[in-house]
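Just so it is clear, none of the values below were taken in a lab; they were calculated from the coordinates. Given the structure is predicted, the values throughout are model-derived calculations rather than measurements. A quick note on method: Cβ atoms are made from the backbone with ideal geometry, for glycine too, and the neighbour counts reach across all protein chains shown.
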């Protein structure tokens, strides 16, 4: 099992077995390089722990625990977990500021404790069979245990082809579950219980409407600087991603001007101008004088690396965006770095996505649906898209009216989900019939927390974006998996839980002011950035999709084999005639919209997942 995860920790392996429990760890050495190996136990060997990730406030926790009389043998953040558990029992996790998947064995109580960080930065999966229970950082390790066999769950495909990920707790594989973010599982006396210790909360009684924007801006600046300071802790060099957008520009500016850490930055550029942000990246490089490396990604690079990305992501995907990020993390590793800070999470925390602006316009128009001037507001959305979804009357009418009431909890996400769900049209008639009675909005709304109905509209929209797209897709397929594919640890200062809790208490106008996104974040650091970057409208990270897999109108080798009618029929997920029509459309360059591109990538990634995991093909055998 642990050998299957050696890419996550190539610096060493550790094991502990006693009675009914076995713990194993693949180490990526970042803190306490000499004595920080795992598993680690307490003084008398009654509590053992392995974990993946980092505890950023471990120095402060260590000093507190020393005052309580605990004895430490190492300087590692791992050992803090053991003594926190001794001190606070199951509440130990509430004291942690970090990103983690933890497995702790309490011999005295014969208790196994699994815990995952608050927002789901680090993955944690589990399965059971007979009298065996297994857990791991990736699903491939569970398959190596032979407790469960690889089998793709069609119901999970319907979720991926709607939300871009499975619902919290589910995975694409049958009989394999994920511990949801912010949750703890306790396994003892043959029973498992899962409880939530943290969640996003936009309680209206906690929102401070009486404070000034200036005082909020000062507090935000202080919190973010401290988050960056904590996340720079390492005994190895730390780099930073610089995308050219507001979020990563602020992080790199903090590192350069407000810490003692040398700034080493890395950027991703594209040969396709539509996706390239080099102009803004270079503006920041000149502004900060950073030691900078950029990696240019081509369509050919995406097609070549796509199978490897699916092997590491362990899920179908509907966009190729994870692939260039995997290539970038490879460049980071080649330059001698193991840790990189990123700007991920700022859009979810501070209201930065187009979806939030779009939902505001849709709700505004719903109050006067026949207003022409209100409808013109859609023209201010998506200026960066060559084929904007608001560029014709039919699409504007769709965004404006939708088919659900504006107070429906998932109202903001409905147009996106409906667009992605068009992938389901390519599934077999039998599966389409199976999913006919499934309602994506109902499925999400059944899992909403108590009090959700009293939240403001932006808070509702943020919650669903953070707990579905961010935790299920961005932090997985575009985060942990593609970074760890090259033994790189990504860190996310905007996802410090203190910063999230602060942002949840903000009045909505300080996040989305009119149609200006991330108002308070922008205000807090406006004078630290070049004007072109500080005032820049959000441009989501994207990459070439279906067009990457064609050369002179023909599919690249492995894609042609996997999308062949016989392969499609043998796998049993998709209708071969429908897929053939899609391929012809893409090969003719006619797949210009989101739906066709997502369908193509979704079908191909599912076929790769089936081929590698269900059929057992080698992840290195695709050309």
Could you work out [θ]222 nm for the chain from helices alone, using -39500 (n - 2.57) per DSSP H run of at least four and dividing by all its residues? Round to the nearest 500 deg cm²/dmol.
-10500 deg cm²/dmol
Using the Kirkwood radius built from alpha carbon pairs, what does the Stokes-Einstein equation give as D for the chain at 10 °C and 1.306 mPa s, in µm² per second?
63
How long are the semi-axes of the ellipsoid equivalent to region 1-40, from square roots of 5 times the Cα gyration tensor eigenvalues, in whole Å, largest first?
19, 14, 5
Round to a whole angstrom and tell me the spacing of the C-alpha centers of region 424-463 and region 265-340.
32
Region 546-614 - Rg and Dmax from Cα coordinates, angstrom:
11.2, 32
Order 17-28, 206-217 from most to least packed using the mean count of other Cβ atoms within 10 Å.
17-28, 206-217
20 °C / 1.002 mPa s Stokes-Einstein diffusion coefficient of region 3-196, Kirkwood radius on C-alpha pairs, µm²/s
124
Beta bridge orientation in the chain: antiparallel %, DSSP, nearest 5
75
Just check region 16-101 against the gyration tensor rule for me: Cα atoms, a ≥ b ≥ c as the square roots of the eigenvalues, rounded for a/c under 1.5, and otherwise prolate or oblate depending on whether a/b exceeds b/c.
rounded
Using only the Cα atoms of region 463-578, build the gyration tensor, take square roots of its eigenvalues as a ≥ b ≥ c, and label the shape rounded, prolate or oblate: rounded if a/c is under 1.5, else prolate if a/b is larger than b/c, else oblate.
prolate
When a/c is below 1.5 the answer is rounded, else prolate if a/b is larger than b/c, else oblate, so apply that to region 34-76 with a ≥ b ≥ c taken from the square roots of the Cα gyration tensor eigenvalues.
oblate
C-alpha center-to-center spacing [region 174-191, region 18-71] in angstrom:
21
